[in-house]
1. Between Thr378, Leu402, Ser455, whose Cα lies farthest towards the positive end of the dipole of the chain when Lys and Arg beta carbons carry +1 and Asp and Glu beta carbons carry -1, centred on the Cα centre?
2. How high is the relative contact order of the chain? Use alpha-carbon pairs under 8 Å, at least six apart in sequence, and give a whole percent.
3. If you take the square roots of the eigenvalues of the alpha-carbon gyration tensor of the range 75-297 and sort them as a ≥ b ≥ c, do you get rounded (a/c under 1.5), prolate (a/b over b/c) or oblate?
4. Go through Ile174, Leu112, Cys125 and say which Cα lies farthest out towards the positive end of the charge dipole of the range 86-190; charges sit on Cβ, +1 for Lys and Arg, -1 for Asp and Glu.
5. Ranked highest first by average number of other Cβ atoms within 10 Å, how do 210-220, 195-205, 179-189 line up?
6. Applying the Karplus parametrisation 6.51 cos²θ - 1.76 cosθ + 1.60 with θ = phi - 60° to the phi angles of the range 550-559, what ³J(HN,Hα) value in whole Hz is obtained for each residue in order, glycine and proline being reported as x?
7. Could you calculate the contour length gain from Arg414 to Ser261, that is, 0.36 nm times the residue separation minus the distance between their Cα atoms, to one decimal place in nm?
8. Magnitude of the Cβ-charge dipole of the chain, K/R +1 and D/E -1, about the Cα centre, nearest 20 debye?
Amino acid sequence: MKNKKIAILKEVKVTINEKIYFDKNLKIVETLTKEDWEIMEKIKNKEFEPRKVLNLKLKAEEAAKQSEIKELISYPMIKKNLAYNLPHQQDGALKILRDLDGRALLADEVGLGKTITAGMVLKECIVRGFVERALILTPPSLVNQWKEELSTKFELNFKEINKENEWENSKLVIASIDTVKGFNTKTNEFKHSRAHEIYWDIIIIDEAHKLKDKKTFRWKFVDKLQKKRLLLITATPFQNDLIEVYTLLSLLRRGHLGTISEFRRNFLVNGNERRPLNPKELKRKLSEVMIRRRRDETKGMHYMKRIPRIQSVDLSWDEKRAYEEVVDMLLMHYFDFNGNPINTTLAIHSVLPKITSSSKSSIEFLENLIANPKYHKTTQDIAKRIVEQLKRITQDTKIDKLIELVNEIDKKERGAKILLYTKHPATLRYISDILRKQKFKITEFRGGLTNDEKSKRIKEFMEKSQILVSTETGAEGLNFQFCNNLINYDLPWNPMAVEQRIGRLDRIGQKKDIFVYNLATKGTMEEHVVDLIINKMCCIGLVMGELPIILFNMGLDSNGKSGSSKFEEKIMNAFLDSKNNLSRFAREIGKVGNEINQGIKNYEQTKEYTSELLD
């Protein structure tokens, strides 16, 4: 048979410049495939495809060349929305689309703007007509941040999915991965199984290192999704062992690292899952599906220090008594119309911060309670008595401390810009009125403003006002790099919300160290919560974006049974267990602080491990 094939090849005619030659020195290549021999047989027998088919193939090849991605044609459309032009973000998006075919692991270090790079990939695909249906899965705490970034920077409006029946006719959607991975053990199906019926043009998954275990519903949910392109985003693709990255890449490109037994044999020292046998070869294989850049490799990335300052507020005797009576009412006499105790956990979360915020917000809450028929008469009578007490108090030690602090900042740098946050609209109005009387130029930023009104107030703060007083509405999507003073008049108990506030100043382009001032009333739970969140979490040298990863890794960023984040529930439960005994509460907060320290330590070890293997 071999001789017959040699004879066939020797009869093949080779045409060069319209002259006919016989190749007498033709060498036989032993690696020719069966298909190659079949082609040779067809040439010998002059079995050619019709010219129409040939023309179609030539046109298809030409079209493929024309659609080759050599630049981001969508970049001019979004350039005006981006505060800075960072080449590494465009380069990353181009490489994902051009070299990796839209299936990649984006593993840039924290702080390099992986969300922006992913948004560029998404925008380019939509503009070029590659993508009609897109799905983004993120940790629960980052859903709103992603929606805001996609809307303001890329002019893409994504619909958030919460309910199982919302997948119909959805093209650009975003969801919390914790929400959609729910599994019904009775029917043996995912509750959001409709997502699996859709063929997605692209899927983007943030903090993808949580997909490290094939046994979890999270991994199985993602694996079952039908997808043409998949972008996995994480700064730490390795956490505990190398099997995790094998599992992660199994979602991206099946078999890229061989079978699991081949992977163990080729890349693990005697099966040790933390010791790579052939790190250079492993890194080469990863580079075929992964993009990773370090901060020291990029231009235009500078990080300023966060300098925390806790301003203690000594309540007057009357203020302290009013606070204690509100707490006592919540713990002992908080009843509904029928006399049944109201869920104290929710009450602690929604009410106590208002009480420590200001007398105005306290009075507003208590008067609403008195006017609401759903509360029991006993509770309403106690509330009436406390309101009378509060109205008799003439001194407001917290607002006095604020005035003192603002004057101190202004004295240090005349006209220094200040971003001031409060959770409550009533407190916002109160603070603004007081500071205006002190001759400071104030801009208010709160919910209910139209986009035009928001733009006008941001411009007013930049050009005319010295202080922007804002509720949480101003904690997302706004950039104030020109300001380096932040005052938290009252603090959310969710560190992610605090991180959002600081993130308005801690942006690319910030040229000064950032001072984070925090008012905390002594002798209340507030002083312990402020110390935990500020000194032990948000201002300990972490880069912007690292705290969410730590909380996500610890399982503390999603919502608990009360609807608050699990971290907030920890704080509330600690307070309830202490029964308003501050010494006991301080000990419980100390335990939470130790958990956070361990979470940070684990994260730092993961960063080192990742760096050893990849950098």
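Values quoted throughout were computed directly from the atomic coordinates according to the rules given, and no laboratory measurement underlies them. Note that the structure is predicted; figures quoted are calculated from it, not measured. Positions of Cβ are generated from backbone atoms using ideal geometry, with glycine treated the same way; all protein chains shown enter the neighbour counts.
1. In the chain, that residue is Ser455.
2. Working: 862 pairs, mean separation 77.0, N = 615.
This gives 13 percent for the chain.
3. Details: a/c = 1.96, a/b = 1.16, b/c = 1.69.
It comes out oblate by the Cα gyration axes.
4. Result: Cys125.
5. Values: 210-220: 16.5, 195-205: 19.2, 179-189: 12.7.
Per-residue Cβ counts within 10 Å, averaged per peptide and sorted highest first, yield 195-205, 210-220, 179-189.
6. These are the phi-based 3J(HN,Hα) values: 4, 5, 5, 4, 8, x, 10, 9, 8, 7 Hz.
7. On the way: separation 153, 0.36 × 153 = 55.08 nm, distance 6.71 nm.
Answer, rounded to one decimal: 48.4 nm.
8. Values: 108 positive and 87 negative charges, 376 e Å.
Dipole of the chain, to the nearest 20 debye: 1800 debye.
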